[in-house]
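S.K.: Below is a structure I'd like to ask you about.
The values are calculated or read from the model by the stated rules, or taken from the named source; none is laboratory data. Everything numeric here is computed off the predicted structure, so don't read it as measured data. Heads up, the Cβs are rebuilt from the backbone with ideal geometry, glycines too, and the neighbour counts pull from every protein chain shown. We work out accessible area using only protein heavy atoms, side chains counted, and drop any ligands, DNA or RNA first. Shrake-Rupley method; radii C 1.70, N 1.55, O 1.52, S 1.80 Å.
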Amino acid sequence: MFKDSADFRRVASGVLLIVAPLLQAIAVILDPGTWGDDREAVSYGDNPVLAQVQSVMYHWAYLLMALVAIGLLHVMRRRATVFGHIVGPLVALGYINLSGLLLSDPVEWWLGRHNSPEEAQRIMDEMLNLPGFIFGFQMPWLFFAIFGMPILLIGVWRAGFAHWWVPLVVAVGYGASMVVPYGPATVPLWVAPAVALGWLGVKMIRMSRQEWISYYPTAAPGRTTPDSYANTTA
């Protein structure tokens, strides 16, 4: 498999579709703030080990989700191609920015150990409300990930690779998590997208090599065809 670029890309993309959202779902379950005070300054003191583990898991979940967005573009080569090539990179940028925000967790943990929760929150608010932070790391980049992934999956559905329920489940899960307070209710809202994306990942892994390379365009003269691609990667 590792000597065949087509099989490697297919399996790697499928595994990422399973692992990346699963890391996020596990992180919300492990997070002490899910079951107690959602302020990092407090939840870190409740369980420093789990607080650090969940933060790292969120970080890698978001980085890998950026790769997921790029991997999904392959199944949009024949339909919704322009749509995918516009939305996909924006979604990837959104997740990379989400990952960068996790660096604020250690700052809040340190503030919580040296200040009251209220004072730690006040200092964090002053820091995070700086224009450079808001427009450089948050707006509108966060929405490219949270709302962009369901939109990208609509393109995957239109391309014929996913059922209609996949973008719907992901949209409801991520969208509802924006309005529901972070806590136990967030768990099912993030598990649902993990199931939907994981289903896509399993489907991708179970594809044959010929099915995977069939997504390369064949209509235009001189363009890559499944047969020519197979010959070059054999």
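S.K.: Has segment 52-72 got at least one residue that is buried (at least 21 other Cβ atoms within 10 Å of the Cβ), polar (S, T, N, Q) and without any contact (Cβ under 8 Å) to a residue 40 or more places away in the chain?
M.R.: Yes, the conditions are met somewhere in segment 52-72.
S.K.: Got a number for residues in segment 153-207 being touching a Lys or Arg at 6+ places or on another chain (Cβ under 9 Å) and closer than 15 Å to residue 14 by Cα? Break it down into steps so the answer makes sense when it comes.
M.R.: Just the residues of segment 153-207 that are touching a Lys or Arg at 6+ places or on another chain (Cβ under 9 Å), to begin with: 155, 158-162, 204-205, 207.
Those still in the list that are closer than 15 Å to residue 14 by Cα too: 161-162, 204-205, 207.
Residues meeting the conditions: 5.
S.K.: Further question on the same structure: Taking into account only those residues within segment 175-196 that are open to solvent by less than 10 Å² (accessible area, probe 1.4 Å) and not β-branched (Val, Ile, Thr), which is farthest from residue 43 (Cα to Cα)? Show your work before the answer.
M.R.: Going residue by residue through segment 175-196, those that are open to solvent by less than 10 Å² (accessible area, probe 1.4 Å) are 183, 186, 193, 196.
Still in the running and not β-branched (Val, Ile, Thr): 183, 193, 196.
Working: 183: 12, 193: 25, 196: 30 Å.
Ranking the candidates gives 196 first.
S.K.: Could I ask something else about it? Residue by residue through segment 124-168, note down the ones that are under 19 Å from residue 81 (Cβ atoms) and open to solvent by 60 Å² or more (accessible area, probe 1.4 Å).
M.R.: Of everything in segment 124-168, those that are under 19 Å from residue 81 (Cβ atoms) and open to solvent by 60 Å² or more (accessible area, probe 1.4 Å) turn out to be 151, 154, 157, 158.
S.K.: Follow-up question, since we're still on this one. Would you mind stating whether residue 51 is more than 21 Å from residue 213 (Cβ to Cβ), within 21 Å of the chain's Cα centre (by Cα) and either among the polar types (S, T, N, Q) or not in a loop (DSSP other than H, G, I, E, B) (or both)? Working first, answer last.
M.R.: Details: more than 21 Å from residue 213 (Cβ to Cβ): yes; within 21 Å of the chain's Cα centre (by Cα): yes; either among the polar types (S, T, N, Q) or not in a loop (DSSP other than H, G, I, E, B) (or both): yes.
Yes: the conditions hold for residue 51.
S.K.: Take residues that are in contact (Cβ under 8 Å) with a residue 60 or more places away in the chain, out of contact with any strand residue (DSSP E or B) (no Cβ under 9 Å at 6 or more places or on another chain) and charged (D, E, K, R) and tell me which of the helices (runs of 4 or more DSSP H) falling wholly in segment 122-195 contain 1 or more.
M.R.: Values: elements: 141-146, 148-158, 165-179.
Passing ranges, in order: 148-158.
S.K.: Scan segment 1-59 for residues that are within 23 Å of residue 95 (Cα to Cα) and among the basic types (Lys, Arg) and jot them down.
M.R.: Answer for segment 1-59, where residues must be within 23 Å of residue 95 (Cα to Cα) and among the basic types (Lys, Arg): 9, 10, 39.
S.K.: As an exercise: evaluate residue 46 against (1) open to solvent by 70 Å² or more (accessible area, probe 1.4 Å); (2) within 17 Å of the chain's Cα centre (by Cα) and give the number of the one condition it does not meet.
M.R.: Every listed condition holds for residue 46 apart from (2).
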